[in-house]
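> Provided herewith is a single structure, encoded as structure tokens, for subsequent inquiry.
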Amino acid sequence: MAATAFLFSPFSSLFLLSLSSLTFLSILLLVSGEFLGHPLRYSKFWTPNSKPHLPSRSAMLLCYLPAFSLFLVPHHFLLSSRIFLIISLLLFHFFKRISEVLFVHKYSNKMALTDAIMTSLSYLLFSGTTIYAQIVALDLAEPEIDLKAAGLAMYGIGITGNFYHHVLLSRLRSGGDREYKIPKGGLFKVIVCPHYLFEIVEFLGIAFVSQTLFVVVFVVGSALFLIGRSYATRKWYLSKFEDFPSHIKAILPFVF
């Protein structure tokens, strides 16, 4: 079955096609770092020689606020239902992230400034280009198969599961406790990073609603990065906790 059965024509914009390729290659570099022992320097992977740096809460706000602000600017909400949905989904995604940074997460480390800026720019690029890709798609034939309903369902499951496991993580620490502990509850019983698994489901939902090549490429690349991050996280837990259960996988229950 042709790609156009599921996607708007990927050859309608040379700019988007080129940007999709460059984006995927850039993400692959990050993925290789996670698997080869050079993860992005934040959370448990921050080291004192990661300078200059920011407190984690400030760094996370830097990561999310620029992209969130982009959706506060008046857009072509009424050009199509698909554009309205994409903007709404991304706006709520970043609103949730910022709310979690301010009211849910409990931080103990810092983040390298260069990594914070790179992450912020990647979210900004993703958000802006996603909107642009949908505007370009207004002049194209609709995909033969409409995936919006399936995408909305996946988004709802993903963002709910992600939030639930973030709350479980926050409950590991009370008062001024700054020590890392083995997570418990939910899917933490079988995988190290269920919050990443649900984030992948959420972003796949956005890709299903968008049905544009750029978003699909970015989401697939992001999923590979989160798989790599989960692998590095499991490896970290195994090195820090002698009693870490060996049956707990990285991100796919009973598989990986």
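The values are calculated or read from the model by the stated rules, or taken from the named source; none is laboratory data. Note that the structure is a prediction, hence the values are computed from the model and not measured. Here Cβ is always computed from backbone atoms with ideal geometry, including for glycine, and neighbour counts include all displayed protein chains.
> In this structure, does Leu124 turn out to be buried (at least 17 other Cβ atoms within 10 Å of the Cβ) and under 19 Å from Ile206 (Cα atoms)? I'd like the intermediate steps shown before the answer.
Numbers: buried (at least 17 other Cβ atoms within 10 Å of the Cβ): yes; under 19 Å from Ile206 (Cα atoms): yes.
In short, yes.
> Given Leu61, Leu85, Leu54, which one is part of a helix (DSSP H, G or I), farther than 28 Å from Ala150 by Cα, of a type in the set (A, V, I, L, M, F, W, C) and touching a residue at least 12 places away in the same chain (Cβ under 8 Å)? Can you show your working first?
Working: Leu85 fails: farther than 28 Å from Ala150 by Cα; Leu54 fails: part of a helix (DSSP H, G or I).
Matching residue, one of Leu61, Leu85, Leu54: Leu61.
> If you check every pair at least six apart or on different chains, which have Cβ atoms under 8 Å apart with a residue in the range 239-256 that is on the phi > 0 side of the Ramachandran plot and touching a residue at least 60 places away in the same chain (Cβ under 8 Å) first and a residue that is surrounded by 11 or more Cβ atoms within 10 Å (Cβ to Cβ) and of a type outside the set (Gly, Ala, Ser) second?
So the pair list comes out as Phe254/Val190.
> Moving to a separate point now. Scan the range 134-164 for residues that are modelled with pLDDT under 95 and either on the phi > 0 side of the Ramachandran plot or part of a helix (DSSP H, G or I) (or both) and jot them down.
If the condition is that a residue be modelled with pLDDT under 95 and either on the phi > 0 side of the Ramachandran plot or part of a helix (DSSP H, G or I) (or both), then Gln134, Ile135, Val136, Ala137 are the ones that fit.
> Can you tell me which residue is nearest to Ser13 (Cα to Cα) among those in the range 189-220 that are out of contact with any helix residue (DSSP H, G or I) (no Cβ under 6 Å at 6 or more places or on another chain) and in a helix (DSSP H, G or I)? Give the derivation first.
Step one: of the range 189-220, the residues out of contact with any helix residue (DSSP H, G or I) (no Cβ under 6 Å at 6 or more places or on another chain) are 189-191, 197, 211, 220.
Still in the list and also in a helix (DSSP H, G or I): 189, 197, 220.
Working: Lys189: 45, Leu197: 32, Val220: 20 Å.
Within the range 189-220, the match that is nearest to Ser13 (Cα to Cα) is Val220.
> Among the residues of the range 42-51 satisfying the criterion of being over 16 Å from the mean Cα position of the chain (by Cα) and assigned to a loop (DSSP other than H, G, I, E, B), which is farthest from Glu179 (Cα to Cα)? Break it down into steps so the answer makes sense when it comes.
We begin by selecting, within the range 42-51, every residue over 16 Å from the mean Cα position of the chain (by Cα); these are 44-51.
Among the residues that remain, those that are also assigned to a loop (DSSP other than H, G, I, E, B) are: 46-51.
On the way: Trp46: 14, Thr47: 15, Pro48: 16, Asn49: 20, Ser50: 20, Lys51: 22 Å.
Ranking the candidates gives Lys51 first.
> Can you tell me which of Phe198, Phe214, Phe203 is buried (at least 20 other Cβ atoms within 10 Å of the Cβ), free of Cβ contacts under 8 Å to residues at least 60 places away in the same chain and within 27 Å of Ala141 (Cα to Cα)? Show your work before the answer.
Details: Phe198 fails: within 27 Å of Ala141 (Cα to Cα); Phe214 fails: free of Cβ contacts under 8 Å to residues at least 60 places away in the same chain.
After applying the criteria, what remains is Phe203.
> Test Leu40 against the stated conditions and say whether it is in contact (Cβ under 8 Å) with a residue 12 or more places away in the chain, of a type in the set (A, V, I, L, M, F, W, C) and farther than 16 Å from Thr130 by Cβ.
Values: in contact (Cβ under 8 Å) with a residue 12 or more places away in the chain: yes; of a type in the set (A, V, I, L, M, F, W, C): yes; farther than 16 Å from Thr130 by Cβ: yes.
In short, yes.
> Pick out the one residue from Met118, Met111 that is in contact with a strand residue (DSSP E or B) (Cβ under 6 Å, 6 or more places away or on another chain) and modelled with pLDDT under 95. Step through it out loud before you land on a result.
Working: Met118 fails: in contact with a strand residue (DSSP E or B) (Cβ under 6 Å, 6 or more places away or on another chain).
The unique qualifying residue is Met111.
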